Structures are given as structure tokens and as C-alpha cells.
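One structure is given below, encoded as C-alpha cells.
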Amino acid sequence: MTTVIDLNAELAKLTMLRDRTPQTPRAERQSSSRQLGGYRDGAIFTSSFSGEGGWERHRNGEEIVHILEGDATLHLMTESGPEALTLSAGMIAIVPQSIWHRFSSSNGVALMTVTPQPSDHPAVHVDDPRTLDG
């Protein structure tokens with residue numbers, strides 16, 4: 001069966017979450033993000049926010065990130081240390097499997113991800129999530 005998603009209509013349903021932090025409760029984030037549908041072993045999501053999100057990683061595959069509106073910094077915690085990539089509307093990033101990453105945006109961003117599941121989200125915010133491994 002073919003799935004068709006009207007991305008513009010789905011974005012119009014989102015509320016921009018201002019001043020997001022890694023500690024922002026799920027209930028407050030709910031109106032700023034949506035699951036658009038399933039895909040392979042995960043799902044397609046969209047989100048609209050300013051501020052910064054918490055660390056996450058996906059052990060079962062790469063995550064595809066498409067910046068739809070605005071700009072964001074993609075923070076990665078690689079084996080060689082932290083990296084930061086500036087992404088703007090129209091850009092796509094492929095986050096490698098099992099790499100801790102998070103997003104920040106001072107002006108606001110709308111993005112879509114194709115995210116494998118399950119995802120790891122630390123219960124606490126730390127500067128380096130690799131310290132939680134092991």
C-alpha cells in the first residue's frame with residue numbers, strides 16, 4: 001500500500017515550541033512534534049522548536065534528518081570527540097548509527113526525521129552522553 005503524507009498540512013498542525021531544553025517534559029513537547037507514519041523499523045517524525053533538545057542515539061540504523069524551515073546545529077558526540085554541523089532549510093544530514101546527537105536552534109527550526117527504533121534517550125542531561133555508557 002502506498003502512503004502519501006501532505007508535509008505542508010502536517011507542518012501547519014505543529015506549534016513552535018519556544019525555548020526547548022533537554023528537560024522540557026514530553027507533555028510540553030507534544031504539540032510541537034508528530035509521528036507522520038511508520039517506516040521500516042522506525043518512523044517518520046516532524047518537529048518545530050527553538051532552543052535545544054536532549055541527546056539521543058539509534059542503535060539499529062542511521063537517522064535521516066531534513067531541515068524544512070529555519071536552521072539548526074546538529075551536535076554529534078563521535079569517538080574522536082564533539083562535532084557541530086550547521087544545517088539550514090533544504091539540507092539533509094545522515095546521522096551514523098549509534099552516534100549520540102542532539103539539535104539546537106536559536107531562531108527556530110522545522111525538521112523531519114526518518115528515525116530507526118528503538119532510540120536511546122538518557123534520563124539525565126549530561127555534556128557527554130558517552131559517560132553514561134558502560
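All of the numbers you see were taken from the coordinates with simple rules; none came from a lab. This is a predicted model, so every value here is computed, not measured. So basically every Cβ, Gly included, is an ideal-geometry build from the backbone, and we count neighbours across all protein chains shown.
Of the trypsin sites (Lys or Arg not before Pro) found in segment 36-90, those that fall in a DSSP loop while having at most 14 other beta-carbon atoms within 10 Å are Arg40, Arg59. Taking the chain as a Gaussian network of alpha-carbon nodes connected by springs under 10 Å, the highest mean-square fluctuation of the residues Arg102, Arg26, Arg18 belongs to Arg26. For segment 68-131, a/c is not less than 1.5, where a ≥ b ≥ c are the root eigenvalues of the C-alpha gyration tensor, and a/b tops b/c. That puts it in the prolate class. Spherically averaged projected area of the convex hull of Cα atoms, segment 7-132: 7.2 nm². Take the alpha carbon gyration tensor of segment 14-67, find the square roots of its eigenvalues, order them as a ≥ b ≥ c, and report rounded if a/c is under 1.5; if not, report prolate when a/b exceeds b/c, else oblate. Prolate is the answer for segment 14-67, as a/c is 1.5 or above and a/b outweighs b/c. Longest stretch of the chain clear of exposed loop sites (GluC sites (Glu not before Pro), DSSP loop, at most 16 other Cβ atoms within 10 Å, sites excluded): 1-61. Once C-alpha pairs closer than 8 Å and six or more residues apart are averaged by separation and normalised to the residue number of the chain, the relative contact order reads 29 percent. For segment 7-132, a crude dipole built from +1 on the beta carbon of Lys and Arg and -1 on the beta carbon of Asp and Glu, taken about the Cα centre, is about 380 debye to the nearest 20. Residues with beta-carbon under 11 Å from that of Val114, excluding Val114: net charge, scoring Lys, Arg +1 and Asp, Glu -1? Result for the local shell: -2. Just for segment 7-132, what percent of DSSP beta bridges are antiparallel, to the closest 5? Counting DSSP beta bridges with both partners in segment 7-132, the antiparallel share is about 95 percent.
When the chain is treated as a GNM with alpha-carbon contacts under 10 Å, the residue of Gly81, Gly38, Gly54 showing the greatest mean-square fluctuation is Gly81.
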